[in-house]
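Readers should treat all values here as calculations from the given coordinates under stated rules, not as data from a laboratory. This structure is a prediction, so every number in the text was calculated from the model and none was measured. When we count neighbours, we look across all protein chains shown, and the Cβ atoms used for this are built from the backbone with ideal geometry, even at glycine.
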There are 2 protein chains.
Amino acid sequence: GASQKAKQASTPCTKGDWTKASCPCCESKQVEPLVLVKLGGKVGPETKRWLIRLIGAQQKDGGAGLLAHPGEDAQSSIIVVSAPRCTLLRATEELGLCKTYHTGEMEAFSYNDRDNFRNSNNMEAFLTLAEREYIVKYELEGLRAQKDLRIPGLPDKYTLHNRDNIWQKLCSAGVIVDMFPLHNSEKLKQLKEAWYLGNQLSQPLDSVNEYFGNSVAFYFSFLDFYTWSLLPPAILGLSIAYFSGTFLSIIFLLQNLLSPDIQVDSGLMVSGHMIQAVFSMLWSTVVMELWKRRSATLSYRWGTLQLAERFAEPRPSFHGKLGVNPVTGRVELLFSEWQRDLRMLLVSVPVVGLFLGLVVVGMMCFYWGEAQVKQLHKDWDSYLSQTFLYIPSVLHIVYTNMLGNVYRNVAQALTEFENHREESAFENHLTAKVLVFTFFNNFAVLFHIAFFKQDVSLLRKRLASLLIVTQLVNQVTEVVIPFLVDRFISAPRRNEKEDDPQEDKFRNQRSLPPFPGLFAEYIELLVQFGYLSLFSCVFPLTAVLLLLNNVTEIRSDAYKICKLFRKPFYPPVANMGVWQIAFEILSFASVVSNCWLLLLSPHVQVWGQENGLSGGNLLLMAVIVEHVLFLVKFIIAVVIPDEPYWIRKKREHMEYASMWALRQMVSLSCTHLILKSGCHLFDCFSFSFFQTLEARES
Amino acid sequence: GASQKAKQASTPCTKGDWTKASCPCCESKQVEPLVLVKLGGKVGPETKRWLIRLIGAQQKDGGAGLLAHPGEDAQSSIIVVSAPRCTLLRATEELGLCKTYHTGEMEAFSYNDRDNFRNSNNMEAFLTLAEREYIVKYELEGLRAQKDLRIPGLPDKYTLHNRDNIWQKLCSAGVIVDMFPLHNSEKLKQLKEAWYLGNQLSQPLDSVNEYFGNSVAFYFSFLDFYTWSLLPPAILGLSIAYFSGTFLSIIFLLQNLLSPDIQVDSGLMVSGHMIQAVFSMLWSTVVMELWKRRSATLSYRWGTLQLAERFAEPRPSFHGKLGVNPVTGRVELLFSEWQRDLRMLLVSVPVVGLFLGLVVVGMMCFYWGEAQVKQLHKDWDSYLSQTFLYIPSVLHIVYTNMLGNVYRNVAQALTEFENHREESAFENHLTAKVLVFTFFNNFAVLFHIAFFKQDVSLLRKRLASLLIVTQLVNQVTEVVIPFLVDRFISAPRRNEKEDDPQEDKFRNQRSLPPFPGLFAEYIELLVQFGYLSLFSCVFPLTAVLLLLNNVTEIRSDAYKICKLFRKPFYPPVANMGVWQIAFEILSFASVVSNCWLLLLSPHVQVWGQENGLSGGNLLLMAVIVEHVLFLVKFIIAVVIPDEPYWIRKKREHMEYASMWALRQMVSLSCTHLILKSGCHLFDCFSFSFFQTLEARES
């Protein structure tokens, strides 16, 4: 309690208690606490001491090459970790990050050439906070035993074998309970002010990148870009709504919201709907192409254009046989690609298909049950039978939720089973699996209405309610509930004071729930985008509603990540990964659904009858329009380059420089290199080593 | 005449008459004549002497660094050119060719590291004949004036200015009339024997690559691959034909050929046609995907996986402003990309569109004229009016041919106007333009019948006659006529004897017509592939006919290129370029046309009526099938990797080695490099130079 705190009045994160950096260039007066490792309650002091030594040991001795701090004393159950300069710089090279060269260009960082990079003496300016924290995690999770090893204070069954991943073993042994990056309260305050406390229109994306890493920054950039790009369809939707009737647009809007099945029946509606549909189909492709260009620019700016994940160590839980990597020549775990493909094809695809089938079965049961219950209610017509009316819906919701939860675990297990080498591949495959399911779950009912029931007005009703209800529900569950929980349950327990010891502040950060990840945020956008692009022609004001939603979404998401959750770790990434593809697929699928919906719409049917077109001819016309739109979208996608011209030139320049270096390199004797490059001895050996090995293989 | 020949009994291509190689390592006893340059009749001896000096001068003095031989004497109008070792090796590096390293792997050739590459002392084993000849052409055509210069013996208007392309100037001044690579009669004989003189099933692709270069080798590889891959659809087509009726398959086949509109009307036909159509749609995607993999393998094998055309000098007729290339840092001509895009968008696309429109107009006029003439014939019914019946066809053929000729020149001019930097880009854009037009010209009538007249039996009749007639016509015009011309007109004039002087043999090669290029060969395949994939469902024996045709086509094409034409120059290429894309587009377009034709086919219509499906429902079914097939084809295309696994690993390994070299490189001081790499002084300077320049720019 209070007395204990008073004892430790001296702030413990001073230099004295940190482990020593191994090289003199890394010595610094102020050590920045980056990551907090929370140990299990029963971890003995000898285990903690061993762990601190391991974290502080040099990498060549099998350590992490980091700095560790034991917290208040040897008994406390936390370790605060930081990183010295050399470790950070080496990891920067290993991750393939680009940094500002002395010429002002972004260049792939090279440890040997560190003096030519700007700020390479000041880590807080050279790397972003998120990068520094990620590097600590990367080094800790990458720790592998160099020989068989007993962990002091643990039973024998936790003995480490050669090349075992130490961190995983410690987690499974309960030694490590948790690990999270620490907030920097000053920077956080600045970020908040620039982000959501004012009335600013633009987001401080560079600061977000600096503080939360570029995964988060990419999400917010996309949200920003997408929200702005909603303006044209919103304006078009509003003007169509305005010009389409004698009503004032506002009245129309309200009417639309309250009873969307009452339609303004004017001649203009047909062409208005068509304009809206064609516009939104082409708009979506243009937006996605422009976003790709923007994404490439951001990636260059944030130094992730040349990430070298493929050439780095595999992810911690990757397993396989020890062998020589044919690409890098390093001895590491290998897992054959065709085996992974086989696992995906024979296990993952059928299982995912099965779950999608279960969604359909659930939906069918729901419709069947609803029909039965309605019949029952008609026959009996009592209070009891009226309550029965809700049973199918309730059962369906329960079923869907359970299925979703089971599926999430199954997807995780499947992706783990696929045994991807790189973290990003793992993430992308996992995301893709969950994404397909969630999307299917969200849209199955709408597709059913659109393609089987072929009931446009029901679709419109459903869409309007979904747009309004789900967005309200989302905002509430995402922000309001965590806010209330934080305010009235967690915060009183935290009760932070200015003069609390640093450790308690760190510990308090643990009382926040962990950040649930960007998946929920992206899927929300994707579902939105789906409503807009797939079905917008039945409800022209979709874009307006989404625009309004997103303007608040930006702020609430920012508030959420800054205040309501623990700070997350995010690895450097070069783009949105699989989300990019999902949006593009949706954009193409929109052509099919829009053409179909236009064909179904009563206005078009009436127009066809007036012009003496049979149903078959109308269908033929729709098919032709669809094919033309496909072609136009495809041409737009090909013609707009994915990277701006100047980035392409930069990339080619990097390629040329590498090619040139390789040609020069091979002519220099290897001995010379060893003399010059000192600590990269290993690399140089491995380079000649793998050439020999390859020669032997072939 | 004969007396003159007797005078020059001493074979003149001995060492004595060749210009001296500048460096001692290039001295060799035997100089291999590679390229013949034919001078104009009025070229004076001083011009010829100047030209020989220029060809022999070192590259740093503005020469080509090659070896030249004046032919019989200073008055003769030819120059025979060869290349010394150092020039060949430097050009190999510049072109980015991969060669066998001492480890047995293919590695990008580096001049500095030449001693570690196999056979780098023996140019005839190190480079293929085609490569050696292409390098000579590359060096000659790349000659640029280093200062203002008068050419001796030419009027003042042909004075060269700084950085003018010398070879172009000489061609336009009539000094150089012709330039072609020389045959090596011994190698040619071996090649012929291995290629088409026996009964071999497989082609000697590596020898073709060695002798004619990899553009030609890629064509024959594709022809080979494609012919083999016709087997499954041919077998399917035959078996469907066999099982589809009570007739024997042979009778059916003959019937089909003679009067394709008499159809066997059995229940099996419907499902047979459908199986055929669905099979051929999926087959085409699988074939193209597998070909991409084969193509990547061949490219690795032939050392063109890492061509560095982007980093080399621009093509001779490229024009622009002098500036610093942002990629390589060299001072060279630059032309902004957006200007090229603008030219393509505002000039090329509309002009090509106009010509396509003219094709349509021509076709409409033809149909209109035909109707008019038929009416006239009906009204008059005389001999005169009967001859009138042929007028529209004749006019249409004349119109189409004229349009085709005009278009070819226009396409050339347009592509020249687009001012592409790389030879391959120029070729691809030119090919694409001509290709679109030719394809449109070939298929306009068929599409018209299929989609507007909707007459399946007419389409079948037309397709059968096209398949048989055009293939016969092609074989005749491509092989028989040149053969006859060669045998009875050219050959008697050549009248070669064993003891003729070498020069006369060279001169005789000039009497052959120049090789018309691979365009005609590829377009033939593409049109075939079009018949097969677009319309195969109306005529199931297409694949059988094509298979038969292609088996002879392989031999006749081989005979043609070996015997009937002058040897062509071909640059190294990594794949089929734009043809690859054309085949893939066709493969996707086939889904639309096949589904449409199936829908039209009377069997399906009858089947629909029997099953109580209205026209609209039938159309809907066809559309659904089409979309599913699109999806399946798309998934197949994505799932089958474009490169075999081992090639991807090799590519990644090269990337890794370059990255690694760059990181090591930057840490070494530049002075050291200059000392070590000697003749690459310029490169090294330019490297630091462009970094400075870029810094100044930004």
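For chain A, adding -39500 (n - 2.57) for each run of n ≥ 4 DSSP H residues and dividing by the number of residues yields -19500 deg cm²/dmol at 222 nm. Excluding same-chain neighbours fewer than eight residues apart, the lysines reachable from A:Lys633 by a Cα-Cα span under 27 Å are A:Lys292, A:Lys433, A:Lys649, B:Lys292, B:Lys433, B:Lys633.
Peptide B:389-398 has a mean of 0 when you count, residue by residue, the C-beta atoms of other protein chains within 10 Å of its C-beta. Label zone of B:Asn409 (point 7 Å out along Cα→Cβ, amide N under 19 Å): in the stretch B:345-369 this covers B:348, B:351-356, B:358-359. The alpha-carbon of A:Lys563 sits under 14 angstrom from the alpha-carbons of these aspartates and glutamates, leaving out residues fewer than 8 places away in its chain: A:Glu186, A:Glu193, A:Glu478, A:Asp486. Here is the tail figure for the stretch B:325-479: Cα pairs spaced more than 24 Å apart come to 52 percent of all pairs. Using a 7 Å projection from Cα along Cα-to-Cβ, the label point at A:Phe417 is separated from the same position in the remaining copies by 6.1 nm, smallest value first.
Here the stretch B:532-594 yields Rg over Rh of 1.10, to two decimals, using C-alpha coordinates and the Kirkwood radius. A point 7 Å from Cα along Cα→Cβ stands in for B:Glu124, and the other copies hold the same point at 7.2 nm, listed in rising order. Relative to the globular-protein estimate of 2.2 N^0.38 Å, the Cα radius of gyration of chain A stands at 1.10.
Other residues within the sphere of radius under 10 Å centred on the Cβ of B:Val175, judged by their own Cβ, net out at +3 (K and R +1, D and E -1). Please give the net charge around A:Asp341, taking every other residue with its beta carbon less than 14 angstrom from that of A:Asp341, where Lys and Arg add +1 and Asp and Glu add -1. Net charge in that neighbourhood comes out at +2. In chain B, the longest principal axis of the Cα atoms and the axis of helix B:423-447 are about 20 degrees apart. Placing a label point 7 Å from the Cα of A:Val639 along the Cα-to-Cβ direction, the residues of the stretch B:348-384 whose backbone N falls under 15 Å of that point are B:348-354.
A simple spin-label model places pseudo-atoms 7 Å from Cα toward Cβ; at B:Ile275 and B:Asp178 they are separated by 5.7 nm. Inter-label distance, B:Ile397 to B:Glu337: 4.8 nm, where each label sits 7 Å from its Cα along the C-beta direction.
Say R0 is 41 Å: what FRET efficiency, to the nearest 0.05, do B:Lys157 and B:Val349 get from their beta-carbon distance? So the FRET efficiency works out to roughly 0.65.
Could you compute the FRET efficiency for B:Val632 and B:Asp455, with r as their C-beta to C-beta distance and R0 at 35 Å, rounded to 0.05?
0.75
Can you give the translational diffusion coefficient of the protein assembly as shown in µm²/s, computed by Stokes-Einstein from the Kirkwood radius over Cα pairs at 25 °C and 0.890 mPa s?
Details: Rh = 37.0 Å.
For these conditions, the coefficient is 66 µm²/s.
Label point of A:His627 (7 Å along Cα→beta-carbon): distances to the other copies' equivalent points are 1.6 nm, sorted ascending. Spin-label model, B:Lys192/B:Leu290: points 7 Å from Cα along the beta carbon direction are separated by 3.4 nm. Simple point charges give the picture: +1 on the Cβ of Lys and Arg, -1 on the Cβ of Asp and Glu, and for the protein assembly as shown a dipole about the Cα centre of about 1760 debye.
Karplus-based coupling profile of the stretch A:139-151, in residue order and whole Hz: 5, 5, 6, x, 4, 10, 5, 8, 7, 4, 7, 8, 8, with θ = phi - 60° in 6.51 cos²θ - 1.76 cosθ + 1.60 and x standing for Gly or Pro. Where in the stretch A:364-408 is the amide nitrogen less than 20 Å from a point lying 7 Å along the Cα-to-Cβ axis of A:Thr470? Residues A:364-367, A:393-408 qualify, since their backbone N sits under 20 Å from the label point.
Relative to the longest principal axis of the Cα atoms of chain B, the long axis of helix B:681-697 makes an angle of roughly 70 degrees. Here the peptides A:525-535, A:462-472 are ranked by packing, the mean other Cβ count within 10 Å, and the order with the highest first is A:525-535, A:462-472. Estimated from the Cβ-Cβ distance and a Förster radius of 60 angstrom, the FRET efficiency linking B:Trp228 and A:Lys60 is about 0.60. For B:Lys461, the lysines whose Cα falls under 29 Å of its own Cα, not counting residues fewer than eight places away in the same chain, are B:Lys374, B:Lys378, B:Lys453.
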